[in-house]
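Below is one structure, written out as structure tokens; comments come after it.
What follows draws every value from the coordinates through simple rules; no lab data is involved. Quantities reported herein were computed from a predicted structural model and do not represent experimental measurements. Every residue, glycine among them, receives a Cβ derived from its backbone with ideal geometry; neighbour counts consider all protein chains shown.
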Amino acid sequence: MRSPRFIECPQPALAPVTEAAAGLAARPARIPPKFFYDALGSRLFDAITELPEYYPTRSEAAIFAARRADIAAATQAAVGTDMTLIDLGAGNCCKAESLFDAFAPARYVAVDISVQYLRDTLQRLQQRHPRLETIGVGLDFSAQLALPAELLGKPALLFYPGSSIGNFAPADALRLLREARAAAAGGALLIGVDLVKPVDVLQAAYDDALGVTAAFNLNLLRHLNRLLGADFDVRDWRHVAFFDPRASRIEMHLEARRALSVRWRGGERRFAAGERMHTEDSYKWRRGDFEALLREAGFRDLRAWTDEAGWFAVMLAAG
Ligand code: AVJ
């Protein structure tokens, strides 16, 4: 059996502690969504994907279940047979692994902000796929997709499922897509995109009856307490999520229930009652607009598959 190899990329320009502290001091306060994903946050996100209100995971899975052979054939035609599968934000690697039979990759590169999470996941994955060359890359690609040079140059399939692209404002999404096209080196991108749909469906997905999304959002404060030595009391804050039709995005915020002050290592600030901290944007695209964005990023030969309701799209774009 082979063993997975791990590459830890150098830290981004801004260290996580510096970035989080700057966001907390900003007006209005704004913490990037990558800070949701500490150990508990990752588990809470997994729980979100099981909620009846959270349609994206199920819609995307339904598309792959119904169209797997078609998607695999189109992907192999675009990338070739000696396929390197580069999984952006691999997490538990389940989605990529479910494609191994149909896609038959020669090499699997799992990229995630948390290399620690990847270590356990990839050890177990390697046991199930003993001959697959498996590489784990610890990289925060939210500011720049700077993959290690040794992995670049051969046509690759960049796999970016789950509509994580929704966390990027259109201009930043375009930048990431351009970087993905460069990394694909003549291969292709296979991406999940959440689409515009009735507002009540969107809002329920981000404000579920059980309060799991609220816990996911509030857990950010516990993460900041650990990361920054902050003294947030989670009970002082409330989860807020709504769809802004003009920006075509869900916004998530944490709202102070009363006037309070927060201290952390190297800083302090007051929040008025009702003051909000912006924690996430989740953009919802019209299919044609996202296809135009892919073309603007230099992709061609676009294919798109949607679920029956037309709520989610899986798109393939040649580099
Ligand atoms: C992982 C970014 C795709 O935007 O739907 C789920 C994160 N936030 N519920 C999304 C999320 C609140 C999710 N993405």
Put in order of increasing Cβ neighbours within 10 Å, starting from the fewest, Met83, Met252 give Met83, Met252
What order do you get for Val17, Val109 when you list them from fewest to most C-beta neighbours inside 10 Å? Val17, Val109
If the cut-off is 13 Å between C-alpha atoms, which aspartates and glutamates fall inside it for Lys154, apart from same-chain ones fewer than 8 positions away? Asp82
Compute and list, largest first, the equivalent-ellipsoid semi-axes of region 45-122 from the alpha carbon gyration tensor, each √(5λ) rounded to a whole angstrom. 23, 19, 8
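Got the relative contact order for region 197-319 handy, in percent, Cα pairs under 8 Å and 6 or more residues apart?
Relative contact order comes out at 17 percent.
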Euclidean distance of C-alpha centroids, region 217-239 and region 26-67, integer Å: 19 Å
Counting other C-beta atoms within 10 Å, which of Thr57, Thr81 has the fewest, and how do the rest follow? Thr81, Thr57
Pair-distance profile P(r), taking every C-alpha pair of region 157-282, with 5 angstrom steps and integer %: 2, 9, 15, 17, 15, 14, 13, 9, 4, 2, 0
With +1 assigned to the C-beta of every Lys and Arg and -1 to the C-beta of every Asp and Glu, and no other charges, what is the dipole magnitude of the chain about the Cα centre in debye, to the nearest 20? 420 debye
About its Cα centre, what dipole magnitude does region 1-134 give when the only charges are +1 on Lys and Arg Cβ and -1 on Asp and Glu Cβ, stated in debye to the nearest 20? 120 debye
Summing +1 for each Lys or Arg and -1 for each Asp or Glu, what net charge is found among the other residues whose Cβ lies under 13 Å from the Cβ of Ala102? 0
Kirkwood Rh over Cα pairs of the chain into Stokes-Einstein at 4 °C, 1.567 mPa s: D in µm²/s? 63 µm²/s
Quick one: net charge around Glu133, please, counting Lys, Arg +1 and Asp, Glu -1 for every other residue with C-beta under 10 Å from its C-beta. +4
So which aspartates and glutamates pass the test for Lys284, namely a Cα distance under 12 Å, with those fewer than 8 places away in the same chain ruled out? Asp194, Asp244, Glu251
Reciprocal mean inverse distance between Cα atoms of region 52-182 - Kirkwood radius, Å: 15.5 Å
I'd like the antiparallel share, as a percent to the nearest 5, of DSSP beta bridges with both residues in the chain. 55 percent
